[in-house]
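Following: one structure in structure tokens, then a few remarks.
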């Protein structure tokens, strides 16, 4: 691994962990490891599917991810039909 782009990647990871700590972990008083696991799992579900993100134009990560997959599917589907021949 050459480390190219590593600093940029680290910014996103640090931002994610900061959000997790301040929006979930510091607000809860977990009694057990299992409670912490369950709470963090619930938070990540919220973070990815319900919480809008300013950096994503106020969309959720799931909306951005799945709209990209749909666009890719549409492009590949249309690519297969574009033979340049008019079949009537």
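The values are calculated or read from the model by the stated rules, or taken from the named source; none is laboratory data. Owing to the predicted nature of the structure, the values given are computational and were not obtained by experimental measurement. Backbone-built Cβ (ideal geometry, glycine too); neighbour counts: all protein chains shown.
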For this session: Could you check, for segment 68-88, whether at least one of its residues is modelled with pLDDT under 95 and surrounded by 12 or more Cβ atoms within 10 Å (Cβ to Cβ)?
Result: no
Seminar exercise, completed: Taking segment 55-64 and keeping residues outside any strand (DSSP E or B), at pLDDT 90 or above and over 16 Å from residue 17 (Cα atoms) leaves 57, 58, 60, 62, 63, 64
